[in-house]
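The values are calculated or read from the model by the stated rules, or taken from the named source; none is laboratory data. As the structure is a computational prediction, the values presented were derived from the model and not from experiment. Positions of Cβ are generated from backbone atoms using ideal geometry, with glycine treated the same way; all protein chains shown enter the neighbour counts. Surface areas here come from the heavy atoms of the whole protein model, side chains and all, with no ligands, DNA or RNA. Shrake-Rupley method; radii C 1.70, N 1.55, O 1.52, S 1.80 Å.
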Amino acid sequence: MKPINPAGFEQKFRQNIDPWNYTASPFERFKRNVLLRACGCRTYGRGLELACAIGETTRYLSRRCLRLLAVDSSPTALAEAKRRLRGNSKVTFRLAKLPEHMPHGPFDLIVASEIVYYLSPHALDELLCRLDAAAAPNGRIVILDHTRPFADAAQPPARAHDVTRLRLQKTMQTIFRERHRRFEVVSFRKRGRC
């Protein structure tokens, strides 16, 4: 199977607005709860969520941020996220293809959930440098990745996750790490520059 790209995600959301059952799946809820624990207990000034999809995690992240920018490459997913979170003045949504349109920051919290293995190794390297540059001093970056292989990934998920983790560890302190059978969540605190 060919790796999925932004057009493929757009098609997926047009066919089924909740293709991974983010809203009702116990597994998705479990993953989201681990991710939220990795975010810590504090309130963040500026937050960034990469690949927000239909906004299910966005809803919870907005409770931890004074302002949250949520980006995705699918116009259909973003429209649904806006609909679901209408009236939530803390959240701004933006169409963004990564890594090219990575917001500049600084952000106190950046969440990158289930995205790194959809990027080519070169694009992932660029995104990681931009992530590091976008994190505010003492800012936190949280990554959640599946670790089992699947057909439409651009690179093996476990490899992409390890590359991400090891790269971020060069300039950041690991403050949370929780591995499960199918995924891992790691949280970092900013120490220096890329």
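Computed over the Cα atoms of the stretch 79-194, what is the convex hull's projected area averaged over all directions, in nm²?
Orientation-averaged projected area of the Cα hull: 7.8 nm².
Tell me which residues come under 5 Å, amide H to amide H, from Ala135 once H is placed; ignore anything under 5 positions away on its chain.
Phe107
First measure r as the distance between the Cβ atoms of Ile4 and Ala133, then evaluate 1/(1 + (r/R0)^6) with R0 = 35 Å and state the FRET efficiency to the nearest 0.05.
0.85
Please work out the ratio of the alpha-carbon Rg of the stretch 11-132 to 2.2 N^0.38 Å and round it to two decimals.
1.01
Just from the alpha-carbon atoms, what are the Rg and Dmax of the stretch 1-51 in angstroms?
Expressed in Å, the Cα Rg and Dmax of the stretch 1-51 come to 14.6, 42.
Per residue, how large is the accessible surface of the chain? Use a 1.4 angstrom probe and give square angstrom.
Solvent-accessible surface per residue comes out at 48 Å².
Hey, how much of the P(r) for the stretch 110-155 falls beyond 16 Å, as a percent of Cα pairs?
For the stretch 110-155, the fraction of Cα-Cα distances above 16 Å is 42 percent.
Rounded to the nearest 0.05, what FRET efficiency do Glu126 and Arg86 give with R0 = 35 Å and r taken as the Cβ-Cβ distance? Could you check?
Efficiency at R0 = 35 Å is approximately 0.55.
Please give the contour-minus-distance gain from Glu28 to Lys97: 0.36 nm per residue of separation, less the Cα-Cα distance, rounded to one decimal in nm.
22.5 nm
So what is the calculated 222 nm ellipticity per residue for the chain, using -39500 (n - 2.57) for each DSSP H run with n of 4 or more, over all residues, to the nearest 500 deg cm²/dmol?
One gets -10500 deg cm²/dmol as the mean residue ellipticity at 222 nm.
Carbon-plus-sulfur fraction of the accessible area of the chain, 1.4 Å probe, in percent?
It is 51 percent, rounded to a whole number.
Under the Karplus relation 6.51 cos²θ - 1.76 cosθ + 1.60, θ = phi - 60°, what is the ordered set of whole-Hz ³J(HN,Hα) values for the stretch 8-16, x standing for Gly and Pro?
Whole-Hz 3J(HN,Hα) from phi for the stretch 8-16: x, 5, 4, 4, 4, 6, 5, 6, 8.
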